[in-house]
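One structure is given here, and the rest of the page talks about it.
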């Protein structure tokens, strides 16, 4: 019997805090020149965090995560970035301590997870505009080409019929409760999701599968050859604080070794999966340094200064809900306190 492929319903993704952010934009909409001046006055390094860049026509597809952006959005944002500051490759800022506090404001562009759609739609824009970027990958997923758990759960929540034949109380629970999969150890989570791997690959819209699957090692080699940085994101996209200490250390050290062996480079940067408050600790930072990485980035909004810890650098996350004005407000730093409060840092 032929496998049924599910059609893609179309709807706008839900973006948390959209209403409050729109009210901020209505009350406070300064010009680009003013916001650029506010940013440049900081004379610091600003790190942007992306997760995926998709084709414009997929913007309304329900399976597209709200933390992705379209290619048109990304192009406009990169043009704004170039007008605001010097764009640097983050790996080049480490090794010489004083480089993190510079007279010229700088911006670095980074990507977590790095799904295949990013290679297809972000890479051409970056190369066209001459912007180097950092790509943090989960090496086990690169090898297996298995999607991160968050994307699998997103597809299951969007197309619940895919889990029908493999239903279990644990699977039902993580599909029912948003973000509950983030509370589980990686081995438990993989065991639960393995029941539906085949369903997702064959019954989800193929445009979703092709967009969300990880890059290959060959594609990562291409990024390096083009001047971009490839760094670590654990082996299995494991949120470190949810694992045993032995697993945390292994996820970091093996990730470093995988990149070194497969790409013949010494990786410099590491990004904490999820990267929020409570997702990592000082012992994780020590393990990352011991593995050989030179810096690590979180998802706490803020500027990088000389006092910023090398293994917990702040970043600003960008998603589908970022209008042109909101993006410029984000870069300027005027939304940082609000962001840290929303994320639970303060």
Item to check | On Cα atoms only, tilt of 282-291 relative to the major axis of the chain in degrees | outcome: 90
Checklist outcome for this item: Descending packing, highest mean Cβ count within 10 Å first, for 211-217, 58-64 is 211-217, 58-64
Checklist entry - Roughly what angle does helix 71-84 make with the longest principal axis of the chain, taking Cα atoms, 0 to 90 degrees, to the nearest 10? => result 20
Checklist entry - Tell me, what is the percent relative contact order of the range 146-213, built from C-alpha pairs under 8 Å that lie six or more residues apart? => result 46
Checklist outcome for this item: Per the helix-only model, the chain has a calculated mean residue ellipticity at 222 nm (DSSP H runs of ≥4, -39500 (n - 2.57) each, divided over all residues, rounded to the nearest 500) of -12500 deg cm²/dmol
Item to check | Between 0 and 90°, nearest 10: helix 32-42 axis offset from the chain longest Cα axis | outcome: 80
Item to check | Span from the the range 139-197 Cα centroid across to the the range 265-312 one, whole angstrom | outcome: 26
Checklist entry - Which value in Å does the Kirkwood hydrodynamic radius of the range 146-213 take, with 1/r averaged over all unlike C-alpha pairs and then inverted? => result 11.8
Checklist entry - Radius of gyration and Dmax for the chain's Cα atoms, expressed in Å? => result 19.5, 66
Item to check | Mean separation of Cα contacts under 8 Å (6+ apart) over length of the chain, as relative contact order % | outcome: 22
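Coordinate-derived values only; no laboratory data. Please read these numbers as outputs of a predicted model, since none were measured by experiment. Don't worry about glycine lacking a Cβ; one is built from the backbone with ideal geometry, like all the others, and counts go over all protein chains shown.
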